[in-house]
Every structure is written in structure tokens, then in C-alpha cells.
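Undergrad: There's a structure below that I have some questions on.
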Amino acid sequence: MPYMNRSNSSSSSGSSTRAGGGSDKPVLSIQCIKGSSRADEWTGDLLQTGDIVEEVTIGNLTIRAPFNKGKNGLQKIMHDSFKNKYTSIQVIVRRGSYEFAQLQACIVPNEAAGKKQYMLRAIDDPNYAVGFSDRTESECFQLQASRIDRMVNELERMPLQDGYVSYPWEKRMVEMLSVPNSSSFYSMLLLPRSSDKVSYRYNDLEDTLARANAWLNSSQASGVPIVFMNIQTESLLTKISGETASCTVNAGSLSDLSNLASASLYGFEDYHGVDIGVVRAVRLWFSPLGGEIPIEIKLKENDTKLGFAISRTEEGFIYISSVIEGDDEAPSSRSGLSNLYKEAKRECKLLIVSRISNQKVLPWMVSPSGAIRCFDTVSLSQKLSLHRHAKVSIILHIFLWDRCVEIPGSGSIRSRAISTNVIPLPPEVQLARRPNENQVLPLPPDQEQTDHGSEIKLERDTAGEFSFRLHDFSLPNNWV
């Protein structure tokens, strides 16, 4: 509240003594307990430490200086008023000889000061609170004169407060994600490769980084529309013993740190004498080049096949390898999947399936033996066939190579997926849109022969305990 300027006559008595630095007579002064949210206590709009209390009004009771028994006397009056539910208070203070200010506040308990102790909390800013203190007039003048210095000191020691606030995670994870409770972050975790059959020794970190780079380049070269986002090392704890412990780099002292720069496995001993190993894996983050969209395949009672086949690349990606031709009533044609497949083929890209029924089906790990952990095409084909038999719609999420691709019949969920998931990419990785994107070009004879050839054998990888059973099957067995 602005200053209250009284007339000079109201403060002329004893002014000569105060002008000389104040007297040693006891006065009741203000003690700032907690600052306002805007730090107005330093601007003069609010009371400051060292202000001399001249008048206190509680309800119909007005008390003027000098105050009987000082702070203790006023605390007793505030206690009685608080008990009687009279909590509104007005305080008028003096700064120097002629400057006055006032505060409208309410009386609240000051639990930090003890029982039956009270403070004032400003009505217009509940964060601001003041109390009372017994001082001499000269001490108050010194505090008032040192306001700038105290302001600088307060600035230097003022801490920033932090805390926890609630957040509606469940609601946001449903509303803000195209697939509820599932992220659109994709990564491949590469474990260091063992350099011997018994896995006592592992190749260094550079070897793991090189394999991550090779996997990314090979995926892109084969037509997988992904772009590099980031790469990082990831530490995994494991228990080691015997020969493995003796072969690892020891991290027991600072002198050993230089040896850890390129080590993919190092160890240390805990308080119980157990050898702990730290495996430095590499996590490669990637993103779809043109975003990820859902394609809804609705099924009818007379559908006998879905009209497309799936395969897997050497890098572990599931993709649409073939679509049925000349059947506009096939589920793949009705959903627009056939047109999208032709567009991808024209752009020399693979139509990568990232999710089936909202479950991610991308490769996600490379074992120490070098095998890629990914999904089996046989089990995926079986699940898709069960969808057809049960007449339950299928939602396939597809990686796009160009976010400007038009997808006829993809459904209303496409716009939400694009707006939610597409990560802006730098100009150098954005593809220009060709004219007439929906035009379907005739396939060259060699490609037609490949698509409708007699037999294509898909290779299966073995990944130790994650290996798939070997199956040899021709292309028609891949159709769902």
C-alpha cells in the first residue's frame, strides 16, 4: 500500500534527536519474516526490517507508541484478539523522521517462534509476513540506512525454492500419444561383442560403435526409411567372477580411469568383496524419416485373405513384401495399404511395419554373439490370420519416407498420428514430393517376375537363447 505522509507537525517533536542518528530509547520495530512473491518489501510499498511501529489498530482497539512491555505486551494483545476471532490488523510505521507507511494484514500463529506467538500476513500477498522486535531507535535508524547493503546480501543468499507438483500422467499418456501408453521413441541396444567363445573377453567400445554405424547404414541402404537421431553409451551392471574378472579393466583407483576410455567391460569390487562388472553397451536412437502413421484394415465376413505378405530384413525390420494385384475388394486394397506399398516401391523404399495392434515389432537389441533380437514373421503371420478369422480390425503402424505422401482410405486416425508423432527433421534429410503422388507406375518385368516368382526362401538368424526355429517356406506361405 502506498506511503501515508503525515504533516510535519505530527513528527516534529524530538526530530532533532532523531536527525542526529536517533536515541537509545526502546521502540517496537518490524522484523520481516518472509518476503513477498514480488520482493516488494524492498521497494517501500511494504514494511521493512527496522521500521518503527507508531500505531496498531485491531478492530476497535487502537494502540500508539510507546507500547507497554514492547513486543511481549503486543503479543499478548494479539493472542487475546486471535482467540476472540479478531484477526484484522492495521500497522503504521515510521522511517526516519518524516516518512510513514502502513500495512493491512491479518494475525496468524507463528509456529516457528513457539506457542502463543503471532505474526502478520499481508492481505494482498499471503507470502509476505512480518513480526515485531524490541530495538532502540538508533538501531532502527541504522537498519533503515543499511537497506541497500541488506538488499544486496539478501540477493546473494536468496535460495530458489523447488518442489513437487502433481501431473495427470494417465490422462496425458492417453490424450497426447497416438498409441496410448506407448512412446514413439525407437532405439537399438548393442551389447559389446565377445572376442572368444567362452565370453571372457569383449571387444572395445569402438567396435560396438562401428557395428551400430554399420547397422544404421545397412538399414538405410536396404530401403528402411529411418534417420539417425542420437547415440549414447549405456552402463549395465552384472556380476563377474573367475577368468572374466581377471580379464576386465580394474576401476579401483583414479589411476585406472584412463584405461576405461575405450573399455567395453570393466570391474570393481564392492564392500562385500563381490566382483561387479559394468558393461558399456551402445544405444542408437533413430526415427522414421517421414513419421509414423496407422493404417486400419477393416475386415468383412467374406474376406478369405488379407491381401499382403510380410518379410523381415537382415537388420530385423518387418516389412510388407508383397500385395495382391487386381482385387479391389481385398482388405489391403480397401485400406489403402496396396497404394502405399506401390508408392514405397516407386521410391525404392521398404514399407516398414513398426507396430501390429499397437505392439512394437521393431528390432531392439544385439546380443554379444552379434545376433539381432527381433520378431518372428511366422508368429506375426499367425496373429494376422487370427485377426482375419475373428473379423477383428487390424491396425498396422507404418514408417513413412515422406510426410507429404497421400494415403487414400487410411482413416481419420491418420491426422492425429501425424500431428502427434512427426519429429521435425533438418532440411537435408527431408525428401521432395513428386508430382502426382498417387499415380501407380507399371512395374518393370524383372520386378514383376520377382514378386510373382515361384519360391523365395527367408533366412532365419540364431541368437543364442533368443534364436528362432528354422523354417523353410515359399512365398505363398507368407500371405495372410
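Undergrad: Counting Lys and Arg as +1 and Asp and Glu as -1, what is the net charge of the other residues whose Cβ lies under 14 Å from the Cβ of Ser219?
TA: Here the count lands on +1.
Undergrad: Hey, can you grab everything whose amide H is under 5 Å from the amide H of Ser195? Only 5+ residues off in sequence or another chain; H modelled, so Pro and N-termini drop out.
TA: Arg201, Tyr202, Asn203
Undergrad: Whole-Hz Karplus ³J(HN,Hα) for segment 136-142, in order, using 6.51 cos²θ - 1.76 cosθ + 1.60 and θ = phi - 60°, x for Gly and Pro?
TA: 8, 4, 5, 5, 5, 5, 5
Undergrad: What does the accessible area of Asp24 come to, in Å² to the nearest 10, when a probe of 1.4 Å is used?
TA: Answer for Asp24: close to 120 Å² accessible.
Undergrad: Return the carbon/sulfur percentage of the accessible area of segment 40-193, one whole number, probe 1.4 Å, all protein chains in place.
TA: Percent of accessible area from carbon and sulfur atoms in segment 40-193: 53.
Undergrad: With the other protein chains left in place, how much accessible area per residue, in square angstrom, belongs to segment 55-136 at a 1.4 angstrom probe?
TA: Solvent-accessible surface per residue comes out at 53 Å².
Undergrad: Quick one: which of Lys34/Lys71; Lys171/Lys349; Lys25/Lys85; Lys25/Lys83; Lys342/Lys383; Lys298/Lys342 span more than 29 angstrom between C-alpha atoms?
TA: The pairs that break the limit, which is 29 Å between Cα atoms, are Lys171/Lys349; Lys25/Lys85; Lys25/Lys83.
Undergrad: Let me ask something else. Under 5 Å between amide hydrogens, which residues at least 5 positions from Glu54 or on another chain qualify, with H placed 1.01 Å from N in the peptide plane?
TA: Ile92, Val93, Arg94
Undergrad: Subtract the Cα-Cα distance of Ser235 and Trp169 from 0.36 nm times their separation in residues, and report this length gain in nm to one decimal.
TA: 21.0 nm
Undergrad: Could you give the dipole magnitude of segment 48-123 about its Cα centre, charging the beta-carbon of Lys and Arg +1 and that of Asp and Glu -1, in debye to the nearest 20?
TA: Rounded to the nearest 20 debye, it is 320 debye.
Undergrad: Let me ask something else. For segment 308-363, which whole percent of the accessible surface, found with a 1.4 angstrom probe, sits on carbon and sulfur atoms?
TA: For segment 308-363, the apolar C and S fraction of the accessible surface comes to 42 percent.
The values are calculated or read from the model by the stated rules, or taken from the named source; none is laboratory data. Everything quoted here is computed from the prediction, not taken from an experiment. Note that each Cβ is placed from the backbone with ideal geometry, even for glycine, and that neighbours are counted across all protein chains shown. Accessible surface is based on the protein model in full, side chains and every heavy atom, while ligands, DNA and RNA are left aside. Shrake-Rupley method; radii C 1.70, N 1.55, O 1.52, S 1.80 Å.
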